[in-house]
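Asker: Dumping the structure here so I can ask a few things about it.
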Amino acid sequence: MPGSESGKQGVVVRIDPRRCIANAKCTTAAPGIYVLDEETGVAVLENEADATLQQLFAGARACPTQAITIEQFGRRVFPQILTPMFGVDDPDTGSGSN
Ligand code: SF4
């Protein structure tokens, strides 16, 4: 067997807790795979070994802040463009009050 961390074609999922705004989009997209950590409140991977690639990508795509990145063989494959992180930024520009 080729040596890969997850055994899924060299795919490694990372969740950046600084980007996570805990809106649970990923946990809705892939329940039981992405879960919100009870202590920290941010998303974590729970059953990575059981997750399908589709589930991993579904959760990553659902994340509005790009907190979830997916690497394959050491190269980021999602998102293809990772926008810079600003201190406190409103990801929902223009859809607030009125
Ligand atoms: S979708 Fe992104 S921001 Fe929302 S809980 Fe998951 S990782 Fe955090």
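Laboratory data are not the source of any read-out in this text; all were calculated from the coordinates shown. These numbers were taken from a predicted model, which means no experiment stands behind them. In this analysis, Cβ positions are derived from the backbone assuming ideal geometry, glycine residues included, and neighbour counts consider all displayed protein chains.
Asker: Given H placed on each backbone N at 1.01 Å, which residues far from T65 in sequence or on other chains put an amide H within less than 5 Å of it?
Answerer: Here the answer is none, since no amide H 5 or more places off falls under 5 Å of that of T65.
Asker: Can I ask one more? Would you mind checking which residues have amide H under 5 Å from V12's amide H? H placed 1.01 Å from N; only 5 or more apart, or other chain.
Answerer: E71, Q72, F73
Asker: Using θ = phi - 60° and the Karplus relation 6.51 cos²θ - 1.76 cosθ + 1.60, list the HN-Hα couplings for the range 21-34 in order, rounded to whole Hz, with x at every Gly or Pro.
Answerer: Karplus values, whole Hz, x for Gly and Pro: 9, 6, 8, 6, 5, 5, 6, 6, 6, 9, x, x, 9, 9.
Asker: Once label points are set 7 Å from the Cα along Cα→Cβ at both E39 and R75, what is their separation, rounded to one decimal in nm?
Answerer: Using points 7 Å along Cα→Cβ, the separation is 3.7 nm.
Asker: Still on this structure, I have one more. Show the residues, 5+ positions off or on another chain, whose built amide H is closer than 5 Å to the amide H of A43.
Answerer: It is A22, D37, by chain and number.
Asker: Counting other Cβ atoms within 10 Å, which trypsin sites (Lys or Arg not before Pro) in the range 1-83 have at most 13 and lie in a DSSP loop?
Answerer: In loop regions of the range 1-83 (DSSP not H, G, I, E or B), the sparsely surrounded trypsin sites (Lys or Arg not before Pro) are R18.
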